[in-house]
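Asks: What follows is a single structure, and I will ask about it in a moment.
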Amino acid sequence: MASTEWDIEQYRDDTEPEHHWDLRKEFMKVHKGTFQEDYLVALAKTFTNIEFMGCTYPAPVMVKIAELSKDVAKTYRESKKNKLQRTFVSASNAAENKAKRRHTDPSPHSSKR
């Protein structure tokens, strides 16, 4: 059994959104004492990278995180299903679409007076 004599709060990142920290902290709380501190901190960061950033890792890591996060992330994953999903557009696609709009639908502000 690993030590539980360490403070999870010391791993809070000031730049991390609250909901990211809440999920990462919950992951560490659930598994504290099961893994060594440094390993658990790394697993928790990996878990949130997968959940929030869509990162992928080698298959054994993905399987391990999936097993460890099954219950921890259940509520988050359910709430995510009901939220609006963001769509990211590359700068080149945005510029191309803007140029197309100018040619097909000129705004009244762009015409000469």
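None of the figures in this text is laboratory data; all of them are computed from the coordinates on show. Everything numeric here is computed off the predicted structure, so don't read it as measured data. Cβ: placed from backbone, ideal geometry, glycine included. Neighbour counts: every protein chain shown.
Asks: For the stretch 12-62, rounded, prolate or oblate, judged on the Cα gyration tensor with a ≥ b ≥ c (square roots of eigenvalues), a/c < 1.5 rounded, else prolate if a/b > b/c?
Replies: In terms of gyration-tensor shape, oblate.
Asks: About the Cα centre of the stretch 18-95, what is the dipole size in debye to 20, counting +1 per Lys and Arg Cβ and -1 per Asp and Glu Cβ, all else neutral?
Replies: 240 debye
Asks: Name the residue from Ser79, Thr48, Asn93 whose Cα lies farthest towards the positive end of the charge dipole of the stretch 8-104, charges +1 on Cβ of Lys and Arg and -1 on Cβ of Asp and Glu.
Replies: Asn93
Asks: Using r as the Cβ-Cβ distance of Glu9 and Asn97, and R0 as 30 Å, what FRET efficiency do you calculate, to the nearest 0.05?
Replies: 0.10
Asks: Now a separate question. Tally Lys/Arg at +1 and Asp/Glu at -1 over every other residue whose Cβ is under 13 Å from the Cβ of Trp21; what's the total?
Replies: Its environment carries a net charge of -3.
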